[in-house]
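Visitor: Have a look at this one before I ask anything.
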Amino acid sequence: MPDLKTISVESVDAALAKAELYRFLNDPEEAESICHDVLAVVPAHQLALRLLGLAITDQFAGRPSDRHADAEGAFEQLADPYEHTYYRGLLNERRAKAQLRAGRPPHTLLVLLEEAMRCYAEAEKIRPPDNDEAILRWNRCVRLMQAHSEADWQREVGIEMGE
């Protein structure tokens, strides 16, 4: 099997622009590959880490094979406390949404949404001026929960406990 080739440090910005484009084109595997190429030459590149985590979460399908740990590993390396917290929330929100799309019952996903909202609330406290991303994500989680009845979020608790 052939070896991977190394990109030049000078091409990093253009490569990351391509990674963003591939994400917009709904081709996260291509974006992920480019991020790995960038991180091979600039290991702690913050935009590459952020895009890598996002590209991985773009691939979530609500299956056990979803690479949650890989996305979390990328986000954990973000140096900015706000970004670190915000993207942890996004990871949990995207996991929950993918699992809902895959047919998992809402009540089994409440812990993921609650963790996402906890992260967003924490990020909101340390957000940069004029940055309401955490509030927007919080509101999306609330609307997602409101889209299902309260009973959906609590269903089968008695059945699961043998009652």
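The values are calculated or read from the model by the stated rules, or taken from the named source; none is laboratory data. Quick caveat: nothing in here was measured; it's all calculated off a predicted structure. Cβ sites come from the backbone with ideal geometry, for glycine too, and all protein chains shown count toward neighbours.
Visitor: Can you run down the residue pairs with Cβ atoms below 9 Å, 6 or more apart or on separate chains, where the first is in region 1-17 and in the same structural domain as ASP37 (by TED's automatic domain parsing) and the partner is part of a loop (DSSP other than H, G, I, E, B) and surrounded by 12 or more Cβ atoms within 10 Å (Cβ to Cβ)?
Guide: VAL9/VAL42; VAL12/VAL42; VAL12/HIS45; ALA15/ILE7; LEU16/HIS45
Visitor: In region 105-131, what residues are assigned to a helix (DSSP H, G or I) and closer than 18 Å to PHE75 by Cα?
Guide: Applying the first criterion (assigned to a helix (DSSP H, G or I)) to region 105-131 yields 106-108, 110-125.
Within region 105-131, LEU112, LEU113, GLU115, ALA116, MET117, ARG118, CYS119, TYR120, ALA121, GLU122, ALA123, GLU124 qualify.
Visitor: Continuing with the same structure: Can you tell me which condition VAL9 does not meet? The list is (1) surrounded by 14 or more Cβ atoms within 10 Å (Cβ to Cβ); (2) touching a helix residue (DSSP H, G or I) at 6+ places or on another chain (Cβ under 7 Å), and all the others hold.
Guide: (1)
Visitor: Same structure again: Within region 83-101, does at least one residue satisfy the condition of being β-branched (Val, Ile, Thr) and without any contact (Cβ under 8 Å) to a residue 12 or more places away in the chain?
Guide: Taking region 83-101 first, the residues β-branched (Val, Ile, Thr) are 85.
Okay, now just the ones that are also without any contact (Cβ under 8 Å) to a residue 12 or more places away in the chain, so none.
For region 83-101, residues β-branched (Val, Ile, Thr) and without any contact (Cβ under 8 Å) to a residue 12 or more places away in the chain: absent.
Visitor: Taking the options ILE7, ILE34, name whichever one is farther than 26 Å from GLN99 by Cβ and in contact with a Lys or Arg (Cβ under 8 Å, 6 or more places away or on another chain). Full working, then the answer.
Guide: Values: ILE7 fails: in contact with a Lys or Arg (Cβ under 8 Å, 6 or more places away or on another chain).
Criteria check complete, one pass: ILE34.
Residues are listed down the side, and each one gets a yes or a no for (1) among the β-branched types (Val, Ile, Thr); (2) surrounded by 15 or more Cβ atoms within 10 Å (Cβ to Cβ):
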position: ALA17; (1), (2): no, no
position: GLU29; (1), (2): no, no
position: VAL41; (1), (2): yes, yes
position: LEU47; (1), (2): no, yes
position: ASP66; (1), (2): no, yes
position: ALA71; (1), (2): no, yes
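Visitor: Condition test on LEU90, is it surrounded by 14 or more Cβ atoms within 10 Å (Cβ to Cβ), outside the structural domain of VAL142 (by TED's automatic domain parsing) and of a type in the set (A, V, I, L, M, F, W, C)?
Guide: Numbers: surrounded by 14 or more Cβ atoms within 10 Å (Cβ to Cβ): yes; outside the structural domain of VAL142 (by TED's automatic domain parsing): no; of a type in the set (A, V, I, L, M, F, W, C): yes.
So LEU90 fails the test.
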